Every structure is written in structure tokens, then in C-alpha cells.
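S.K.: Following this message is one structure expressed as C-alpha cells.
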Amino acid sequence: MNEHIYSESGWMQSLMRGEQPSDKSLREHLLLVHRSHPGFTESCALKCRDRLGRNSYELLASVIDPKRHSHILDLACGSGVLLEVCRQRCGPNSELTGVDMSPEELVLARQRNPHLENNLHVGTAQNLHFIGDDFFDVILCHWALTLMDQVPLVLREVKRVLKKNGVFAAIVDGDPETAPGYADLHKIIYSFVKQQCPNYGGTDLGDPRVREGVSLERLAKQTFTDAEVKIEPMVFHLDATPDVLAREVAGFFYASFVVAPQEQDHMLEQLERFFAKQEKGNRCRFSLPVNKLVVCLSPDIDRG
């Protein structure tokens, strides 16, 4: 966790001045984090499981019907974990494509999926100009829609490149109150950030409407007017020792990366103490709230 992310980020500097950060500064901030810590989200996400034993990548890929869906886009594919899961589900004859704005993440995606070298593109979800209309059967987005600016534009681009009977599905943040202890962990991490930037947390990364089920459903229906839109809330869990959970949680929250280096150990100590309070037989639990968005287009949907 490098100090330059805090000191150089225009997004953070805007917050320090009490200003509303621009979309451009948000993207630059996200790129700074992923440049220094590519692949950081996958560790916790891979280990957290739902009641059926699936991680969030497997849950998202489950919307794919291998008998009907062959052309699949992973939007904001990151280090390529979901693409790997999709290939396992669909087999080698599937046509998988990944798009991400971080070159550093795409390096990892290519290492994990060398067969997709020509199908991994640097780009943003707001401008998929290099993809033609009505191209994909399924578009997936794993925990990135929460962070995006101009979400209505993103959804319009998704609609444009999705086939008329296609499926769009995304994993986003869920309601903190549905996951025991999640809000408390959030407060611990943000308390350290606020020592440096008191305004942090007043403005979310991305569009706050994506973080709440009702407003997310409304956003989706504004674009996909004739589609079936479903929001499914759920909770994922990770059981481990307090020290392991403290590291996993700290590595999952973007806010952790702007905590000053000299405060990092103190933050981890507080997180470890939090988990130690619930310790049973040297095992504790981290609970992660999730909303799963699924949009199913109708065959006769108007693309205009």
C-alpha cells in the first residue's frame, strides 16, 4: 500500500479541498490503485462463499447457459479470474472477450488466460466503440459497476453490444445491514482514512445509486425498458483466523489503500481485534453483502 496513491490522486485532493471529484479524477484514482496492486480484489472474492459454496465469480458465471451462449464479454475483467471461470463452464469453443481500463490488470489476465491474448482489450465501459452492435450473448461485470462513473452511459453501451435476447449480469455491493459486522469493519477502516481526509466517505467511488438495490433496479429499467430486471441480495462468508481475516478485509476495501503507511499496522491490529472478539475455536467469520443484478432482454426489444 503505497503513499503515492494518497498524495498524487486528484480524486483524493479534490476531497481534501471539499470539492466534488470529476469523473476523470475517479478513473485516475482507480488506475493508481490497480497500477500498484493489480489483482488485489481476487484474493478475498475467491475465498468468500455463499450458502451453496460458490464464490462470486462462480455465481456470476452461473447465468451462462453453455448450450445457448457462446459469445461472452467480461466487462472490467481485471486479472482475468472470471474469464477463467467462464471457460471452465463453457468449454474451449466459447468466444470470450475481456475489457479493462488497467494495463497492469490485463497483464495478469493474459498470464491467466494465454489463449485469449487477442481478445483482451484496454478500454472503458463507457466507450466500447471497438465492439459492434448486437454482438454478445452474455455480458458480465464482477464488482466493477459499483465503481464506474456515468453508469447510464455504461448501461447504454451494454445494451448496444448485447444481442436482442442477451443477458447482462453484475455483482455489486449489497446492503451493509444484511451482513453481520460489515458496517463495523467499514467504520474501522474509514476512521483511519478520515484522519488524513475528513471528507472521505462523503463521496463514494462511482455512482451511489448502484450500491442500493431499489435505485440500481430503477437505473437498469431506465435503459432496458422492456427487459426482465432482477436484483437478488445475498451474503458471502469467509471463515479464518483473526489475522488472516484482517489482511483479507484490508486488501478488499479500496479505502485501505489510502491509509498512510505508518497507520497500516494499527489498522490491521484493530481489524484483528474486531475478529478476535467473535473467535470460536480459533475461527472467525467475515460476512460480505452482495447484490446480484440480472437483466434478461426480450427478443423484440427496441434497441433505440
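S.K.: Assuming Asp265 fulfils every condition listed in (1) surrounded by fewer than 18 Cβ atoms within 10 Å (Cβ to Cβ); (2) at negative phi; (3) touching a residue at least 12 places away in the same chain (Cβ under 8 Å) apart from one, which condition is it?
M.R.: Status for Asp265: all satisfied but (3).
S.K.: Cβ-Cβ distance below 7 Å, separation of 6 or more or different chains: which pairs start in region 136-154 with a residue that is within 17 Å of Gly123 (Cα to Cα) and end on one that is aromatic (Phe, Trp, Tyr)?
M.R.: So the pair list comes out as Ile139/Phe168; His142/Tyr57.
S.K.: Still on this structure: Can you find a residue in region 26-42 that is polar (S, T, N, Q), touching a helix residue (DSSP H, G or I) at 6+ places or on another chain (Cβ under 9 Å) and at pLDDT 90 or above?
M.R.: Within region 26-42, not a single residue is polar (S, T, N, Q), touching a helix residue (DSSP H, G or I) at 6+ places or on another chain (Cβ under 9 Å) and at pLDDT 90 or above.
S.K.: Continuing with this model, one more query. For region 242-286, which positions are farther than 15 Å from Tyr182 by Cα, among the acidic types (Asp, Glu) and in a helix (DSSP H, G or I)?
M.R.: Matches in region 242-286: Asp243, Glu263, Asp265, Glu269.
S.K.: Quickly run through region 50-83 and pick out the residues that are assigned to a strand (DSSP E or B) and either surrounded by fewer than 24 Cβ atoms within 10 Å (Cβ to Cβ) or of a type in the set (S, T, N, Q) (or both).
M.R.: Initial filter on region 50-83 (assigned to a strand (DSSP E or B)): 71-75.
Passing the criteria: only His71.
S.K.: Another question about this same structure. Report whether or not Val229 is of a type in the set (Val, Ile, Thr) and closer than 22 Å to Ser43 by Cβ. Talk me through it step by step, then tell me what you get.
M.R.: Working: of a type in the set (Val, Ile, Thr): yes; closer than 22 Å to Ser43 by Cβ: no.
Considered against the rule, which asks whether it is of a type in the set (Val, Ile, Thr) and closer than 22 Å to Ser43 by Cβ, Val229 comes out as no.
S.K.: Would you mind finding the one in Leu219, Leu238 that is within 18 Å of Asp175 (Cα to Cα), out of contact with any Ser or Thr (no Cβ under 7 Å at 6 or more places or on another chain) and assigned to a helix (DSSP H, G or I)?
M.R.: On the way: Leu238 fails: assigned to a helix (DSSP H, G or I).
Sole residue among the options that is within 18 Å of Asp175 (Cα to Cα), out of contact with any Ser or Thr (no Cβ under 7 Å at 6 or more places or on another chain) and assigned to a helix (DSSP H, G or I): Leu219.
S.K.: Any residue in region 196-212 that is under 24 Å from Leu268 (Cβ atoms), in a helix (DSSP H, G or I) and at pLDDT below 95?
M.R.: yes
The rows are residues; the columns are (1) over 17 Å from the mean Cα position of the chain (by Cα); (2) among the small types (Gly, Ala, Ser).
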{"residue": "Arg87", "(1), (2)": "yes, no"}
{"residue": "Ser94", "(1), (2)": "yes, yes"}
{"residue": "His121", "(1), (2)": "yes, no"}
{"residue": "Asp134", "(1), (2)": "yes, no"}
{"residue": "Cys141", "(1), (2)": "no, no"}
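The values are calculated or read from the model by the stated rules, or taken from the named source; none is laboratory data. What you are looking at is a predicted structure, and each value in this text was computed from that prediction instead of being measured. Heads up, the Cβs are rebuilt from the backbone with ideal geometry, glycines too, and the neighbour counts pull from every protein chain shown.
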